[in-house]
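*Asks:* Mind looking over this structure? Questions follow.
The values are calculated or read from the model by the stated rules, or taken from the named source; none is laboratory data. Nothing here was measured: the structure is a model prediction, and the numbers come from that model. Positions of Cβ are generated from backbone atoms using ideal geometry, with glycine treated the same way; all protein chains shown enter the neighbour counts. What goes into the accessible areas is simple: the full protein's heavy atoms, side chains included, and nothing from ligands, DNA or RNA. Shrake-Rupley method; radii C 1.70, N 1.55, O 1.52, S 1.80 Å.
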Amino acid sequence: MSTYVIVGVTPGQPDVVVLEAAAFADRFQAELVCATVEPGRYVIDEFADGSILSLPVDPDLLDLDDEGFPVALRAHLTTLLAGRTLTWSTRAVAGDPARALAHLADTLDAAMIVVGTRERGVRASVQEFFAGSVAVHLAHRQHRPVVVIPLAPVAFRDELPWESTD
């Protein structure tokens, strides 16, 4: 039986999220599953390996390969993970990001889910604070460990984006 570490990936995401998830997968001798969530798609069918068949709500969405994964993102991951002894794969899932990642983790009986924080402006940070981030939803709605990779940490002496009076 295989062990899996799932990492949520998005186009343009800083490489550190995948690299840290790869380090966890190496440490646990697990397969790294790079999962992208397409909120603008809906699931038609689901397979035992956690992959899905989905259709876009809008047919003019991203350029996806035959497995529904963004072509450019797969190419970037291939370059990023080249030369590692790590076994890795990709999955494209659809719908609400937290629900989709949790469902994939359940399907694969993953050891953990790794996500990154968002690098955004103050307004978006406030919205995320009140609406809840993917990491917060995962931490409260499923039983696996959630590892959050900070992308733009703020020192304890500095204000958090939603605390700013600017």
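Okay, residues lined up against (1) polar (S, T, N, Q); (2) modelled with pLDDT of 80 or more; (3) in a helix (DSSP H, G or I):
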residue: MET1; (1), (2), (3): no, no, no
residue: VAL17; (1), (2), (3): no, yes, yes
residue: CYS34; (1), (2), (3): no, yes, no
residue: ILE44; (1), (2), (3): no, no, no
residue: ARG74; (1), (2), (3): no, yes, yes
residue: ALA82; (1), (2), (3): no, yes, no
residue: ALA102; (1), (2), (3): no, yes, yes
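*Asks:* Does any residue in the stretch 134-161 that is under 15 Å from GLN13 (Cα atoms) and in a loop (DSSP other than H, G, I, E, B) come within less than 8 Å, Cβ to Cβ, of a residue that is open to solvent by less than 80 Å² (accessible area, probe 1.4 Å) and at pLDDT 80 or above six or more places away or on a different chain, and which pairs are these?
*Replies:* The qualifying pairs are PRO150/GLY116; PRO150/THR117; LEU151/PRO14; LEU151/VAL16; LEU151/VAL17; LEU151/GLY116; LEU151/THR117; ALA152/THR117.
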